[in-house]
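**Student:** To start, I am sharing the structure in question, which I have written as structure tokens.
We did not get these values from a lab; they are worked out from the coordinates using the rules stated. Given the structure is predicted, the values throughout are model-derived calculations rather than measurements. With ideal geometry, Cβ positions are generated from the backbone for all residues, glycine too; neighbour counts draw on all protein chains shown.
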Amino acid sequence: MSTPTSAITSVISERDAEPRRAISHAPVPDAPAQKISVRDLNFFYGRTQALYNITLDITERVVMAFIGPSGCGKSTFLRTLNRMNDTIPGTHAEGHVEIDGANIYAPGTDVVELRRKVGMVFQKSNPFPKSIFDNVAYGLRINRLTNSKTELEERVRRALEDAALWVEVKDRLKSSALSLSGGQQQRLCIARALAVRPDVVLMDEPASALDPIATQKIEELIAAASSICISTSRRLR
Ligand SMILES: Nc1ncnc2c1ncn2[C@@H]1O[C@H](COP(=O)(O)OP(=O)(O)OP(=O)(O)O)[C@@H](O)[C@H]1O
Ligand SMILES: [Mg+2]
């Protein structure tokens with residue numbers, strides 16, 4: 001984001017048009033707690049700088065959208081919030097990102113736990129070459145978040161319902177996820193991210209491969225999210 005200030009200003013003004021979810025940075029007595037605090041964040045792909053001096057705060061239970069032209073750094077910024085950029089060789093971040101008061105770039109940070117807490121739906125959907133059920137159950141199993149088969153099945157069903165996919169797949173849960181359409185694969189990845197009930201959800205262009213009805217369902221899900229949901233899009237309604 002070479003012009004981070006203007007990008008974020010446009011977000012705030014969009015949300016101010018909708019008081020129910022308006023974002024205000026002015027201190028108010030009973031304001032919700034601050035969830036994410038970013039200070040002087042710079043990010044580099046090798047020697048190429050992609051993010052410049054980003055400073056912003058995100059309070060609890062808000063939806064914040066980052067809007068900007070292609071290539072301005074929206075995806076890069078989202079990935080700095082759960083250190084997914086660490087998986088790209090030759091990259092590094094400078095600055096400070098705190099979530100719940102803890103610097104996520106501090107030495108010794110458990111990035112596996114961080115990514116469970118800060119889930120992500122990627123711009124390009126990336127289902128695992130496994131069944132539909134196993135994709136959604138994946139995080140629940142590796143994090144041992146359920147105690148019984150029944151509970152696992154219930155959490156999978158709930159996540160698929162939340163992602164507006166259950167009706168289309170309930171009779172083919174054992175089919176390969178790769179047999180789904182592009183839009184269905186995107187909703188499957190949303191279900192996979194939601195299944196572990198992350199504290200923060202990073203959604204990178206969550207509706208880019210969806211038709212208007214599925215888009216509306218995902219927007220309703222975002223609006224109703226009890227956890228923080230950060231979305232990036234060229235345009236949100
Ligand atoms: N893996 C990478 N290696 C090198 N440069 C990268 C990499 N990923 C992104 N970039 C560069 O970083 C800059 C920001 O890219 P990013 O993907 O964050 O933009 P974006 O705002 O999400 O764009 P879009 O709207 O097209 O998704 C671009 O100049 C891009 O070329
Ligand atoms: Mg992007």
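**Student:** What ranking, highest mean first, results for peptides 70-80, 168-178 when packing means the other Cβ atoms within 10 Å averaged over each residue?
**Tutor:** Going from most to least packed, we get 70-80, 168-178.
**Student:** Using a/c under 1.5 as the rounded threshold, could you call region 107-154 rounded, prolate or oblate? The axes a ≥ b ≥ c are square roots of the C-alpha gyration tensor eigenvalues, and prolate needs a/b larger than b/c, oblate otherwise. Write down the numbers at each step before the final one.
**Tutor:** Details: a/c = 2.67, a/b = 1.23, b/c = 2.17.
Oblate.
**Student:** Also, quick follow-up: Pulled fully out, how much extra length does the chain show between N147 and V112, if you take 0.36 nm times their separation in residues and subtract their Cα-Cα distance?
**Tutor:** Values: separation 35, 0.36 × 35 = 12.60 nm, distance 2.08 nm.
Taking N147 through V112 to full extension adds about 10.5 nm, to one decimal.
**Student:** If you don't mind, another one. Would you mind checking K35/K149; K130/K217; K117/K217; K35/K174; K74/K217; K74/K130 for any pair whose Cα atoms are more than 27 angstrom apart?
**Tutor:** Cα-Cα > 27 Å for K35/K149; K35/K174; K74/K130; rest within.
**Student:** May I ask you to work out the translational diffusion coefficient for region 34-233 at 25 °C, viscosity 0.890 mPa s, via Stokes-Einstein with Rh from the Kirkwood sum over Cα pairs, reported in whole µm²/s?
**Tutor:** For the chosen part, D equals 140 µm²/s.
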